[in-house]
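This report refers to the structure that appears directly beneath it.
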Amino acid sequence: MHFITSPRRYSGVLERDFLLDGVPGILWLPEHSASGVPLILLGHPGGLGHMRQRLTARAVHAARDGFASATIELPGAGDRPRLADVDEARDDLRRALVEGRPVSAAIIDRLILPLVDRAVPEWQAALDALLSLPEIAGPVAYSGGIISIGVRLAAVEPRVVAAGLFAGSYVPRVILEEARRVTIPVHVLLQWDDEGNDRQVALDLFDAFASEEKSLYANMGGHTGVPPHAGEAAHGFFKRHLT
């Protein structure tokens, strides 16, 4: 991990950009906390440039509870090399939506699984590097989307002790099966009228989790209509499991 910026102070956090084996990332630390704080990994749909403001807002909120936050760029997004097969699948998806055709399982697999297969090992490498820093000790949680990445990471990474997942992206069939191996506490945020989300698939995914503690926080409204109190519920979930 190579830090490529000096610390920037922002609303109670120290923000630094880094590179890890060529993968861009951002680390936020509580400005006045002791060393050895818990960590939240912030998932997102890609493009750190336009996602930074929203990610920083989430990190600022987490810092108020004494948590560090970190994120890395999604494969094929931002300034990273494009993934031709994923781009082709995305074009096929858009074409199906414009023409009013169902989105096939094959398109979903081609769009999502290459991202999951690449992103999860990168998250694990980032976790190795982040936990080597004296400022961070864990425990570790995952928060956000793409939901399939969060499911895979929760299923295979024992250092992640809780997952707050954002429904609202397509879910391959194999990820539904992998969800049956997830036993850590899970909190799922679902926008009931999300135009880009198959609500039944989100409900099936929630049902598949083997966690003894799992909660579904559903609100009326579309993809961008998440109410502020939904964030408070998620922060309460992380406070229970990281402190």
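The values are calculated or read from the model by the stated rules, or taken from the named source; none is laboratory data. Small disclaimer: the values here were computed from a predicted structure and weren't measured. All Cβ positions, glycine included, derive from the backbone under ideal geometry; neighbour counts span all protein chains shown.
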Looking at the range 207-225, can you tell me whether even one residue there is in contact (Cβ under 8 Å) with a residue 40 or more places away in the chain and within 30 Å of GLY36 (Cβ to Cβ)? no
Across the range 39-57, the tally of residues that are assigned to a helix (DSSP H, G or I) and closer than 21 Å to LEU19 by Cα stands at 9
With the requirement that a residue be outside any helix (DSSP H, G or I) and without any contact (Cβ under 8 Å) to a residue 60 or more places away in the chain, what does the range 100-124 give you? GLY100, ARG101, PRO102, SER104
Filter result (at pLDDT 95 or above and assigned to a helix (DSSP H, G or I)) within the range 64-86: ALA84, ASP85, VAL86
I need the full set of residues from the range 204-238 which are of a type in the set (Asp, Glu), outside any loop (DSSP other than H, G, I, E, B) and either touching a Leu at 6+ places or on another chain (Cβ under 7 Å) or modelled with pLDDT of 95 or more (or both), in order please. ASP204, ASP207
Looking at the range 166-178, can you tell me whether even one residue there is crowded, with 16+ Cβ neighbours inside 10 Å, touching a residue at least 24 places away in the same chain (Cβ under 8 Å) and assigned to a strand (DSSP E or B)? yes
Any idea how many residues of the range 127-171 are farther than 23 Å from ARG16 by Cα and of a type in the set (Asp, Glu)? 1
Of the residues that make up the range 88-96, is at least one in contact (Cβ under 8 Å) with a residue 12 or more places away in the chain and within 29 Å of GLY231 (Cβ to Cβ)? yes
Does at least one position in the range 125-135 carry a residue that is at pLDDT 95 or above, within 21 Å of ILE184 (Cα to Cα), in a helix (DSSP H, G or I) and among the small types (Gly, Ala, Ser)? yes
Does LEU153 satisfy the condition of being buried (at least 16 other Cβ atoms within 10 Å of the Cβ), within 15 Å of the chain's Cα centre (by Cα) and assigned to a helix (DSSP H, G or I)? yes
Can you go through ALA155, ALA162, ALA141 and tell me which one is within 21 Å of SER215 (Cβ to Cβ), touching an Asp or Glu at 6+ places or on another chain (Cβ under 6 Å) and hydrophobic (A, V, I, L, M, F, W, C)? ALA155
A careful count of residues in the range 136-183 that are touching a strand residue (DSSP E or B) at 6+ places or on another chain (Cβ under 9 Å), modelled with pLDDT of 95 or more and not aliphatic (A, V, I, L, M) gives 7
Could we say that ALA129 is farther than 20 Å from ARG90 by Cβ, touching a residue at least 24 places away in the same chain (Cβ under 8 Å) and surrounded by fewer than 17 Cβ atoms within 10 Å (Cβ to Cβ) here? no
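Per-residue answers, yes or no, for (1) crowded, with 21+ Cβ neighbours inside 10 Å; (2) within 29 Å of GLY231 (Cβ to Cβ):
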| position | (1), (2) |
| --- | --- |
| PRO7 | no, yes |
| VAL23 | no, yes |
| PRO30 | yes, yes |
| GLY46 | no, yes |
| ALA57 | no, yes |
| ASP85 | no, no |
| GLY100 | no, no |
Going through the range 29-66 in order, the residues found to be within 13 Å of HIS235 (Cα to Cα) and among the basic types (Lys, Arg) are ARG58, ARG64
